[in-house]
Structures are given as structure tokens and as C-alpha cells.
1. How would you classify the stretch 213-294 from its alpha-carbon gyration tensor, with a ≥ b ≥ c the square roots of the eigenvalues: rounded for a/c under 1.5, else prolate if a/b is greater than b/c, otherwise oblate?
2. Take the Cα atoms of the chain, build their convex hull, and give its volume per residue in Å³.
3. Within a Cβ distance under 12 Å of Ala164, other residues only, what is the Lys/Arg minus Asp/Glu net charge?
4. Cβ under 11 Å from Ala184's Cβ, Ala184 left aside: what net charge do those residues give with Lys, Arg +1 and Asp, Glu -1?
5. Over 31 Å between Cα atoms: which of Lys203/Lys278; Lys240/Lys264; Lys56/Lys264; Lys56/Lys240 fall into that group?
6. With no solvent and one point per C-alpha, what does the Debye sum give as log10 I(q)/I(0) for the stretch 38-197 at q = 0.15, 0.18, 0.20 Å⁻¹?
7. Where the centroid of each part is defined by its Cα atoms, how far is the stretch 240-274 from the stretch 47-101 in Å?
8. Per residue, what volume in Å³ does the Cα convex hull of the stretch 1-131 take up?
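Coordinate-derived values only; no laboratory data. Just so we're clear, the structure is a prediction, and the values are computed from it rather than from any experiment. Glycine also receives a Cβ, built like all others from the backbone with ideal geometry; neighbour counts cover every protein chain displayed.
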Amino acid sequence: MFELLFLGTSASAPSIKRSLPSLLVQYEEFRYLIDCGEGTQRQILSSGCGFKRLNKILFTHSHLDHILGVAGLLSTLLRWENLEAMDLYGGRDTIARIKALIYTVVLHPNHVPEFLRFHQIQPGVLFEEEDFTVHAFPVFHRGSDSFGFRFERKDRRPFLPEKAEALGIPPGPWRRDLSNGMSALLPDGRTIYPDQVMGELVKGEKLVVIGDSGEIESLYSEVEGADALVIEATYLEEEKDLARQYSHLTARMAAQLAADCNVKSLYLTHISRRYKEKDILAEAQSIFPNTIIARDLAKYTIKTGQPPESGS
């Protein structure tokens, strides 16, 4: 399962209740910070999630409301002198702008620490771990080389303890081996095979995170069948011309994407101060009922075939 922690959910400028964009995605011991708007480090402190293992930041694009917080965050971590690695990922223009920001306010260009690494994103697999992958895909947004991210847990067969009990398999390494797909030689001499204690194949969770976008047509193949979609809703349909002008989505457009792609849950973020939250929600839910307006410091757990669990 994937866990979401919304650190900032505002559009363009902070409001009293919303900080600038940042989202923490966690899967077991892996943590990925997506975007790092101004004030992100304070939101990390307020949330209680801490800075441990927070060493991968994925940027959706180069606009300032999505990157300004990285300089302050790095400055703080450098002062603590316990940062083993920090990897920053983004498109070509995004990485160039982040380097300019960091070298101007935090580091001297001739004294860049070895632990700080910059990675230019290309469409395709970004990370592949034992049981999940992260893909990057292009997103259209005004004047930026933007990317979205697709987190997918690999399909699996669950270990069924009741079957193990029925076969008299004692707790310990035998059950561990079976759950990892290996046969096990029991102390009584019997050999047990994984098929004897494994359930039916379970499809892995699929989470799609998209930052700012000016259209939805190119996103369908990436979003299709997602258990959760995180995406912007900067405008209401009544101002769709403004949305088009500034290359953003309306709440209705985001909801239409979720409905057309058989998404399970829709999380709207990048919320503008110009609208009331209830109006954004009403517009989206008229198209896609299972819509949630993300709020700062809200937590959600994404599980296949189950409604989202809120921890906030």
C-alpha cells in the first residue's frame, strides 16, 4: 500500500490554511517527496513525519511555487551535517533552475558536496524496487518540461496463514521462505510448496501523481485504472477560459479524467484562494463522486479494492 501525506496544497501563493505544493509518498521504508514549495520544511516538522530517509525529491516542473522550498530544506539539512545523500529529479529546465537557486542562496558552485546529485528525468522507469516501480511521463504545462509520476506495486500472491496452520507449518523461517515464493523443508521432513499456502493473484496498487497540467487528453493511458489520482484543480468551469490561458485544469476537467479512466479515488490539490472549497468539491463530485479535496497535513492510505483510509 502507498501512503500519502499532503504537505502543501495551495495554488501559486500560500493562503492562511494552505502551503505551497508538496506531497510525500511513502511505500514501506521508501519515501519520495514530490515538489518542494516554499515552507515545505516547516510542514514536515508540523506533520511529525521527520526528515529521516527523506533523500529523494521528484519535481513535476520548474515553476517557482513548486521548487522554492528546496533551498531552505537543503540549508537546514546541511547544518545538521547528517545528510548521507540527496537526489533531486526533474526535467532539463527544472534541474537547471534548481541548480541556479541552490548555487545562489545555499552553495558555492565550486563547492558542491558529493552527496548532492542531480538527475534529469526521461520518460520511462525512474525507480524499480523489488515489488514496486515508479514511472515518469510527460505532462503539458505552460513553459515547462513537466512530468507526472506513476507508482505501481507489482502483482502478488498473498501468504495465507490459515492454510499454513492447517498444514501444521510452524512459525519461523519456513513461513518466511514460503511467503517469498520458495519451498520449505519442515523439521518433520515434509516439503511444502508455495502454491499450497498462497492465495489468488492480487493486482498491485496504482497511484498517479500529476502536478500542473493544461489538458487531460494525453494523460488517459497513464491514469487508466489507477487506485488513486492526485491532480490539480486550479479553476472552476465558469472560468475555463482562464484555465486554458494559464494552462491549468478546472475541477470538472480533473473529474472527467478520473471518470473516463475508471479511477477509484480522486484527490484534488493546487487549490486557489479565489474559490470556496465546497464549490470545487461540488463541481468535481457532479462528475466523479469519489472526489476528495486534499488539505494540508492530511494523510491517506491507498489499497487495492478498498476505499481510501484517512489518517488525519
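1. Values: a/c = 1.94, a/b = 1.27, b/c = 1.52.
Oblate, since a/c reaches 1.5 and b/c is not below a/b.
2. Numbers: hull volume 46.9 nm³, N = 312.
Dividing the Cα hull volume of the chain by its residues yields 150 Å³.
3. Residues close to Ala164 contribute a combined charge of 0.
4. Values: positive: Arg175, Arg176, Arg190; negative: Asp177.
Every neighbour counted, the sum reads +2.
5. Details: Lys203/Lys278 34 Å; Lys240/Lys264 25 Å; Lys56/Lys264 27 Å; Lys56/Lys240 35 Å.
Flagged as over cut-off: Lys203/Lys278; Lys56/Lys240.
6. Per q value, in the given order, log10 I(q)/I(0) is -0.85, -1.07, -1.25.
7. Comparing the Cα centres of the stretch 240-274 and the stretch 47-101, I get a distance of 26 Å.
8. Value for the stretch 1-131: 121 Å³ per residue.
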